[in-house]
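Colleague: To start, I am sharing the structure in question, which I have written as structure tokens.
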Amino acid sequence: MCGIIGYTGTEQAAPILLDGLRKLEYRGYDSAGIAVLYDNALTVCKITGRIANLSEKTEDGKATPGQVGIGHTRWATHGAPTDENAHPHKSNDGRFAVVHNGIIENYQALRAELVEKGYTFESETDTEVVVHLIEMYYEGDVKNAVIRASARLRGSWALGVLCTDCPDTVYVAREASPLILGAGVGENYFASDITALVSYTRNVMYLDDGEFAAVSPAGITIFDGTGRPVEKKLHRITWDVAAAEKGGYEHFMLKEMMEQPRATEATISPRIRDGEVFFEGFALGEEELRSIDKIVITACGSAYYAGCAGKIAIERLCRIPVSVELASELRYADPLIDEHTLLVVLSQSGETADTIAAMKECKARGARTVAVVNVVGSTVAALADHVIYTWAGPEIAVATTKGYTTQLSVLYLLATYLAGKKGSVPRERYDACVAAIRSIPKLIQEAIDLNAAALPRLARKYCDHASMFYIGRNTDYAVSLEGALKMKEISYIHAESYAAGELKHGTIALIEEGQPVVALCCNEDVTEKTVSNIVECKARGAEVLAVTFRDNGRVISQADDVIALPRMETVFSPAVEIVPLQMLAYYVARERGCDIDKPKNLAKSVTVE
Ligand code: F6R
């Protein structure tokens, strides 16, 4: 995720900006830049790669005079990680420089309008429209120009704006992207993240959506979209720096789990316009769609499990056969794949060696490829015919959480998109699917809130067991695969998932007194069947932790413990159902004193076979 920082005061700005950017490095980035105002002129310095390169280029900032400036670390979304696409971006007249955190969803329409009006673009970014809009609306009042430009934007933004006509003031704006103002003495700051500020000031104010501020050495003035002043309370930060890097959370995994409502929202909302699902840069014509006779999903680990849940949605809605293949198997399987196959490749990192190899194998056989990837410019993205990015932001904990739920979000959008194109569902069902997908971020938040207090207690109860079983049917089974993986990889408890109907075919022999069984029961079509399996397990002494709707008395009455969920559309339920299971694994691992963010023997990106 991008990070921004700004400074205005009596010190040289560039070293402070570079220091702030270094503090934001932990969030992940692929390029960085600063802009400083000096002698009524803007100096912009930006570069692909590490902050160290930027430091070297500016002699640790010493070579860049000026006491007011803005800085940025970029995590590429629109356009590859290049020097041109790095921020800050400048206006054509050289008067403004802008840094931006977030996504401008309507940038294509704005870009077309600005090009028409004669503005020239130097980057492929969504951000560059902002600086040209500000130039277009500028009539001598920066505040007004920033308000008017922001009113044209859709999406999310935290903006920092420098103007050569205001030699000591930085203007900022916020909508659905964090922006924190830091108050000093004779100097003031802003940043997207407290981490960048705490070594300079612990007195902060939080800007809300739709608010703006003018930050100068003399003070910070906050105003709303009509220009009217807004009063803000000053907060005192008491965290230490290390905690601040994790946004106050104990672990990156916890932070990333809590980010899931926002990450799924960022992935879903730009893909739904006027009730229709669409993908930027990916469309299937009728002819093309007719020629596809099957879909193959390939991936590794959690991404593979996301594929298992995605298969159910695609087959249900589109009536196209879908197979989900482990990339490590598919690459050597002499697969039955040809030009009538649509290959969907899932990878958070985009650098998983087996996934890349399987993809190459299928491409060579003629498959059309769609990659669902989180890292822009990654190998999988480069190899694919079409890319649909999950906009989860960087994932730092080794165990994926928001990577998985955003992959599912894309698969659900894709299922609905294909169903719409194929006409395989009536219009009302299509509309219901769009509404259900839209509600995923809110339901994830509800699932977190409903279980936040109970999960640490449940974790204490279950943390000393040597093994755990996860059971479920259909969508519930697909989620149980990922739930069990989360448990084993971070807590080191042996956890296995079984299709509930398979218990009787062997596994039930392992059920004995006190054996924990996590029973997933959110798929109403098969609840009765899973309840029978719960009863069978209980008859053999199992302790059953049921995951079900909060009002599902039938299941709750049979279980020893319950993880309660809000009601939701069955076919998309895995995206919500998984979240408390991630949290259960997290709290169990914490009870056991495990190194949660870096589990033993695991790497974040498996770039070797
Ligand atoms: C588990 C986990 C892994 C990854 C797998 C694929 O928590 O993170 O199982 O899902 O290594 O990685 P990507 O999605 O980067 O291809």
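Colleague: Report yes if some residue within the range 251-266 is modelled with pLDDT of 90 or more, small (Gly, Ala, Ser) and open to solvent by less than 20 Å² (accessible area, probe 1.4 Å); otherwise report no.
Modeller: yes
Colleague: Picking from Thr64, Thr43, Thr77, which residue would you name as being modelled with pLDDT of 90 or more and not in a strand (DSSP E or B)?
Modeller: Thr64 is the lone residue from the list that is modelled with pLDDT of 90 or more and not in a strand (DSSP E or B).
Colleague: Restricting the range 380-395 to residues that are away from the ligand (no atom under 11 Å from the Cβ) and in a helix (DSSP H, G or I), which is most open to solvent (accessible area, probe 1.4 Å)?
Modeller: Only one residue tops the list, namely Ala382.
Colleague: When only residues in the range 323-360 that are outside any strand (DSSP E or B), away from the ligand (no atom under 16 Å from the Cβ) and not hydroxyl-bearing (Ser, Thr, Tyr) count, which is most open to solvent (accessible area, probe 1.4 Å)?
Modeller: Out of the qualifying residues, it is Leu336.
Colleague: Looking at Arg95, Arg50, Arg111, which is the one that is at pLDDT below 95 and of a type outside the set (Ser, Thr, Tyr)?
Modeller: Unique residue meeting the criteria: Arg50.
Colleague: When you look at Thr405, is it in the same structural domain as Ile314 (by TED's automatic domain parsing), within 13 Å of the ligand (Cβ to nearest atom) and not aliphatic (A, V, I, L, M), yes or no?
Modeller: Yes; evaluated as a whole, the condition is true for this residue.
Colleague: Take Phe282 and tell me if it is modelled with pLDDT under 95, of a type in the set (A, V, I, L, M, F, W, C) and within 16 Å of the ligand (Cβ to nearest atom).
Modeller: It is false that Phe282 is modelled with pLDDT under 95, of a type in the set (A, V, I, L, M, F, W, C) and within 16 Å of the ligand (Cβ to nearest atom).
Colleague: Here are some residues: Thr400, Thr405. Which one is assigned to a loop (DSSP other than H, G, I, E, B) and polar (S, T, N, Q)?
Modeller: None of the other options fit; the residue is Thr400.
Colleague: Please go through the range 408-428 and pick out each residue that is of a type outside the set (Ser, Thr, Tyr), in contact (Cβ under 8 Å) with a residue 12 or more places away in the chain and more than 16 Å from the ligand (Cβ to nearest atom).
Modeller: Across the range 408-428, the qualifying residues are Leu413, Leu414, Ala415, Leu418, Ala419, Gly420, Lys421, Lys422, Val425.
Colleague: Identify, by number, the condition in (1) surrounded by fewer than 21 Cβ atoms within 10 Å (Cβ to Cβ); (2) farther than 30 Å from Gly3 by Cβ; (3) within 16 Å of the ligand (Cβ to nearest atom) that Leu289 doesn't meet.
Modeller: (3)
Colleague: So, one more: Residue check, Val398 against (1) closer than 27 Å to Gly79 by Cβ; (2) open to solvent by 10 Å² or more (accessible area, probe 1.4 Å); (3) within 16 Å of the ligand (Cβ to nearest atom), all met but one. Which one?
Modeller: (1)
Colleague: Exactly one of these conditions fails for Glu543: (1) open to solvent by 10 Å² or more (accessible area, probe 1.4 Å); (2) under 30 Å from Leu414 (Cα atoms); (3) out of contact with any Cys (no Cβ under 8 Å at 6 or more places or on another chain). Give me its number.
Modeller: Condition (2) is where Glu543 drops out.
Colleague: Residues in the range 13-54 that are closer than 30 Å to Lys604 by Cα and open to solvent by 10 Å² or more (accessible area, probe 1.4 Å): how many?
Modeller: Residues that pass the stated criteria total 16.
Colleague: Tell me, which helices (runs of 4 or more DSSP H) wholly within the range 439-529 include 1 or more residues that are open to solvent by 10 Å² or more (accessible area, probe 1.4 Å), within 16 Å of the ligand (Cβ to nearest atom) and not hydroxyl-bearing (Ser, Thr, Tyr)?
Modeller: Fully inside the range 439-529 and qualifying: 475-491.
Colleague: Here is a further query. Considering each of Ile314, Ile320 in turn, give the residue that is away from the ligand (no atom under 16 Å from the Cβ), among the hydrophobic types (A, V, I, L, M, F, W, C) and in a loop (DSSP other than H, G, I, E, B).
Modeller: Just a single option satisfies the conditions, and that option is Ile320.
Colleague: Next up: Contact list please: Cβ distance under 7 Å, first residue in the range 41-62 and in the same structural domain as Ala13 (by TED's automatic domain parsing) and under 19 Å from Val131 (Cα atoms), second residue β-branched (Val, Ile, Thr) and in a strand (DSSP E or B), pairs at least six apart or on different chains.
Modeller: Final answer for the pair search is Thr43/Val36; Cys45/Ile34.
Colleague: Now for a separate question. Please work out if Leu284 is open to solvent by less than 70 Å² (accessible area, probe 1.4 Å), in a loop (DSSP other than H, G, I, E, B), of a type outside the set (Lys, Arg) and outside the structural domain of Gly483 (by TED's automatic domain parsing).
Modeller: Yes: the conditions hold for Leu284.
Colleague: Please pick out the residue among Gly377, Gly366 that is in contact (Cβ under 8 Å) with a residue 40 or more places away in the chain, more than 9 Å from the ligand (Cβ to nearest atom) and surrounded by fewer than 23 Cβ atoms within 10 Å (Cβ to Cβ).
Modeller: Just a single option satisfies the conditions, and that option is Gly377.
Colleague: Further question on the same structure: Considering only residues that are among the acidic types (Asp, Glu) and buried (at least 24 other Cβ atoms within 10 Å of the Cβ), which ones fall in the range 550-609?
Modeller: Glu577
The values are calculated or read from the model by the stated rules, or taken from the named source; none is laboratory data. None of the values given here were measured: they were computed from a predicted structure. No Cβ is skipped: glycine too gets one built from the backbone with ideal geometry, and neighbour counts run over all protein chains shown. In case anyone asks, the SASA skips ligands and DNA or RNA and just uses the protein heavy atoms, side chains included. Shrake-Rupley method; radii C 1.70, N 1.55, O 1.52, S 1.80 Å.
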